[in-house]
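This report refers to the structure that appears directly beneath it.
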Amino acid sequence: MALLTALVLLLSLAPLTQAECPSACRCFFAMVQCVKPNGTSMIPALAALESENVTEIYMENQVGVESITDLDMINYKELRNLTVTSCSLRFISANAFQYNPKLQYVNFASNLLEHISWKVFHYLPLLSLLLRDNPLQCSCDLHWLQQWQRSCRADLESQDLSVSMSRRRKQCWSVQCTSTTAKRIWGSTLEYILFLTNVSSNDNLHNLTCEAENQAGPDSDHVSLDIQFPARILFLKDAVPMHHWCFPFAVDGNPEPNITWLYNGRVLQETRYAYTELITDSSDGSEKHGCLYLNKPTHIENGLYTLRAQNPLGWDQANATGSFMDNPFDPFDPEGIIPAPTNKTVLAVTENLESRVFVVSVAVGLALFACSFLLVILVVMNKCGHHPKFGIHRSSVLGTEDDLAVSLHFMKGNSPPSSDEDSGMSSFVENPQYFCGIIKDKDMCVQHIKRQDIVLKWELGEGAFGKVYLAECANLSPDSETMLVAIKTLKDATESTRQDFQREAELLTVLQHQHIVRFYGVCTDGEPLAMVFEYMRHGDLNRFLRAHGPDARMLDESKMPALGQLTVPQMLHIASQIASGMVYLASLHFVHRDLATRNCLVGEGLVVKIGDFGMSRDIYSTDYYRAIECITQGRELERPRTCPKEVYALMQGCWHREPQQRMVIKDIHNRLLALVKNPPVYLDILG
């Protein structure tokens with residue numbers, strides 16, 4: 001303990017070293033101040049640990065301070081403010097502040113500075129530089145000061161700086177002023193040429209910078225390298241699904257290459273459904289990235305896509321595969337019935353005239369016999385009332401006018417109706433009153449549509465039954481050659497699903513109402529079986545309501561549809577149309593098994609029609625069916641804020657626990673029509 005005390009006493013009595021604060025200065029945590037006249041002849045040199053926190057040095061009236069070098073400032077790396085004023089400062093080395101990159105405020109006023117190199121302050125982030133009251137001499141060394149003043153840099157434009165023009169010994173100079181002075185620019189005869197060898201396409205568009213400096217100051221300029229090379233394809237990938245299907249690619253070349261596409265070896269003409277879009281990115285130099293976009297392609301667009309890039313120096317090409325959709329008509333081949341031509345040599349056969357006449361006579365006789373036989377069969381079938389459909393015989397039992405009914409059982413040949421184990425619709429109980437009184441005025445024959453008349457465009461959706469496509473169909477309307485239709489395919493071709501398919505087709509044939517989706521017919525020549533319906537442009541009502549509801553902007557970042565948010569009168573109009581279709585079904589004693597917004601379709605002019613009468617399955621969440629559970633348990637939804645009271649009362653009339661207490665569809669329709677004619681007034685007080 002005594003030894004430690006003695007050591008501390010010796011240290012306290014030791015003289016100040018060079019790294020300590022001079023006696024004429026005051027050293028604080030972040031500042032060094034020397035204001036006592038003639039107290040020091042240099043910038044105080046503190047220890048590294050003490051100087052690293054210093055941000056300001058202030059020195060005044062220190063006549064001994066004549067120069068500043070990098071060694072004086074090496075430890076002040078955090079220095080921001082430097083003031084050396086009213087001293088004898090004559091010289092500042094060019095690299096004096098190379099260790100002080102944060103220096104912003106410099107005050108060298110009232111010193112003896114005659115020349116200051118531009119290199120002293122060139123790389124500093126100066127905000128203020130004070131140089132007034134210095135005997136600056138006219139020389140090229142000070143040209144940078146003029147440039148800084150003109151560019152308003154470092155607050156020099158507010159200072160009145162002047163240079164001394166006093167004549168020195170052994171210096172001769174003269175100044176002559178006239179009324180007019182001609183501006184003369186001396187050009188430089190110094191010229192350098194830079195040769196670049198072994199350049200490549202990777203150097204294209206890179207900047208080449210030339211820097212020069214002299215006593216007056218620095219300057220620089222740059223050029224962009226323009227290296228020409230043949231077009232080349234950097235990559236081409238197979239089609240990937242994005243918002244549209246995309247073939248990603250990247251090409252390079254100088255001059256910029258032209259891009260063309262081939263589809264299965266033929267030039268692909270770009271349209272709004274197939275177009276190229278380049279992605280602008282200057283950081284990639286001359287490289288061009290982009291996509292060949294295909295808008296809703298189908299199996300028709302499957303195939304080999306070739307990208308060709310070409311410029312005056314050369315060309316390149318690459319292939320990619322597009323597989324967008326399986327052909328729903330495979331293995332059907334509409335051209336399969338046409339035999340392929342052969343290359344066999346036709347042998348010359350000599351026949352006499354008698355044999356030719358005999359062959360022709362036999363052929364004509366067989367043809368007449370076949371026609372007569374077919375005519376007899378058609379007459380017999382017409383009298384017996386049998387009409388073949390779908391290629392499967394069907395027994396249609398038509399009663400008298402009093403008990404007219406339709407049996408929708410299907411059988412193969414003369415086999416009995418399917419048993420419960422064989423039929424997927426065995427639980428279906430035929431109602432003898434279905435279509436009573438109207439079938440006698442309607443044609444029960446389901447129209448068959450040739451598969452060659454159907455051209456698929458793209459897929460609209462998919463459910464448990466199969467896929468739905470948008471297609472063009474020919475020979476449906478005398479007014480136009482083709483028309484847009486919706487094709488619903490049957491992917492599971494089991495016996496039970498075929499019977500469901502046939503049953504629904506016959507039901508849809510007799511349902512004809514302005515608010516029932518129109519059924520055109522079936523296509524059964526090959527797989528898969530398909531139904532042809534009218535195309536409703538805006539899709540199912542469920543998504544339509546969501547897209548035009550108050551939360552549409554939050555649910556979808558895309559632009560609000562043109563129709564905007566639905567109004568109360570518009571929603572009443574939609575409900576009345578659905579009720580009208582249901583009144584029609586009720587008049588036929590037909591119960592729709594799954595009436596929901598997803599099974600209603602929306603067309604042009606806010607026309608709504610009922611669809612999906614049996615083949616559709618639920619593709620929404622199973623929570624969708626909990627509404628009936630809430631009704632049977634006596635739970636009801638509260639009235640929405642924007643729902644009129646009259647509409648909510650109508651809803652409650654449909655929600656009674658006991659079925660016999662619920663409103664019938666005809667009364668619902670009448671009340672909706674009344675509300676459409678005189679819509680309730682709704683004031684959105686909450687906004």
- Task: Specify the residue that is farthest from Lys488 (Cα to Cα); the eligible residues are those in segment 586-637 that are polar (S, T, N, Q), modelled with pLDDT of 65 or more and under 40 Å from the mean Cα position of the chain (by Cα).
- Result: Thr597
- Query: Looking at this structure, is Leu3 assigned to a loop (DSSP other than H, G, I, E, B), modelled with pLDDT under 90, over 21 Å from Leu156 (Cβ atoms) and aliphatic (A, V, I, L, M)?
  - Reply: no
- Message: Considering only residues that are part of a helix (DSSP H, G or I) and closer than 15 Å to Gln159 by Cα, which ones fall in segment 93-141?
- Response: none
- Given Asp219, Asp226, which one is part of a strand (DSSP E or B) and free of Cβ contacts under 8 Å to residues at least 60 places away in the same chain? Asp219
- Task: Out of the residues in segment 304-323 that are surrounded by 14 or more Cβ atoms within 10 Å (Cβ to Cβ) and farther than 18 Å from Asn254 by Cα, state the one that is nearest to the chain's Cα centre (by Cα).
- Result: Gly322
- Task: Could you give me the residue pairs with C-beta distances under 6 Å whose first residue belongs to segment 54-74 and is more than 12 Å from Phe108 (Cα to Cα), whose second residue is among the charged types (D, E, K, R) and surrounded by 15 or more Cβ atoms within 10 Å (Cβ to Cβ) wherever it lies, and which are 6+ apart or on separate chains?
- Result: Thr55/Glu78; Thr55/Arg80
- Provide a single number: the residues in segment 51-69 that are within 58 Å of the chain's Cα centre (by Cα) and either surrounded by fewer than 21 Cβ atoms within 10 Å (Cβ to Cβ) or charged (D, E, K, R) (or both). 4
- When segment 448-503 is checked residue by residue, the ones that are basic (Lys, Arg) and in contact with a strand residue (DSSP E or B) (Cβ under 6 Å, 6 or more places away or on another chain) are Arg451, Lys457, Lys467, Lys488
- Could you tell me whether Phe97 is out of contact with any Gly (no Cβ under 8 Å at 6 or more places or on another chain), surrounded by fewer than 17 Cβ atoms within 10 Å (Cβ to Cβ), among the aromatic types (Phe, Trp, Tyr) and modelled with pLDDT of 90 or more? no
- Query: Which one of the conditions (1) touching a Pro at 6+ places or on another chain (Cβ under 9 Å); (2) in a strand (DSSP E or B); (3) over 22 Å from Glu114 (Cβ atoms); (4) not polar (S, T, N, Q) does Lys77 fail to meet, given that it meets all the rest?
  - Reply: (2)
- The listed residue being surrounded by fewer than 17 Cβ atoms within 10 Å (Cβ to Cβ) and either of a type outside the set (Gly, Ala, Ser) or modelled with pLDDT under 85 (or both), out of Lys467, Lys488, Lys440: Lys440
- Item | Among the residues listed as Ala231, Ala239, the single one being in contact with an Asp or Glu (Cβ under 8 Å, 6 or more places away or on another chain) and aliphatic (A, V, I, L, M) | Ala231
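The values are calculated or read from the model by the stated rules, or taken from the named source; none is laboratory data. Bear in mind that the values here come from a model prediction, so they are computed numbers and not experimental data. So basically every Cβ, Gly included, is an ideal-geometry build from the backbone, and we count neighbours across all protein chains shown.
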